[in-house]
Ligand SMILES: [Zn+2]
């Protein structure tokens, strides 16, 4: 009840502030600013400057984050197939493992452990194409044969199956 009343009071105050004084509170900087500091025709309590900051972060952060979320999700699903409880794959580790171009084209790639009985990590990883992952994981599901698995990866990573050549066929 008390909260409701306070809220009502606050609403009244902010209305007064806005209509009589042409001011509004920015909740981000905790300052009372002139209405011009806010996007017109909105009720937002985030000033333009903070709005811009938020958008900048969105633009810079999102593509790599999106790549990370996608790759991590696939890696987590694989770890369950390997009977593992967790994976060690942070955002920073992703940037160490993948090239900038691979992060950009992240839908074409997957990160899988090189040795299936050990947790995925910087020291135990292979970057493969989505097709290669599908092949390797299907074989693994059927055989649970670690030696074969490692052999498959070695084969894909050898010169014969260079990823640069694979990307095109995957993109089809
Ligand atoms: Zn602000």
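The values are calculated or read from the model by the stated rules, or taken from the named source; none is laboratory data. Keep in mind that what you see is a predicted model, and the values were worked out from it rather than measured. Neighbour counts are summed over all protein chains in view; Cβ atoms, including those assigned to glycine, are modelled from backbone coordinates with ideal geometry.
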*Take region 54-95 and flag every residue that is within 30 Å of residue 38 (Cα to Cα), surrounded by 10 or more Cβ atoms within 10 Å (Cβ to Cβ) and without any contact (Cβ under 8 Å) to a residue 24 or more places away in the chain.*
54, 55, 56, 57, 58, 60, 61, 62
*asked:* Only one of 35, 98, 120 is within 30 Å of residue 12 (Cβ to Cβ) and either surrounded by 12 or more Cβ atoms within 10 Å (Cβ to Cβ) or modelled with pLDDT under 90 (or both). Can you tell me which?
replied: 35
*Could you count how many residues in region 31-66 are part of a helix (DSSP H, G or I), more than 10 Å from the ligand (Cβ to nearest atom) and in contact with a strand residue (DSSP E or B) (Cβ under 9 Å, 6 or more places away or on another chain)?*
1
*Determine, yes or no, whether residue 8 is farther than 30 Å from residue 153 by Cβ, within 14 Å of the ligand (Cβ to nearest atom) and in a helix (DSSP H, G or I).*
no
*How many residues does region 102-137 hold that are without any contact (Cβ under 8 Å) to a residue 12 or more places away in the chain and touching a strand residue (DSSP E or B) at 6+ places or on another chain (Cβ under 7 Å)?*
1
*Give the number of residues within region 17-30 that are over 11 Å from residue 45 (Cβ atoms) and either within 9 Å of the ligand (Cβ to nearest atom) or out of contact with any strand residue (DSSP E or B) (no Cβ under 9 Å at 6 or more places or on another chain) (or both).*
2
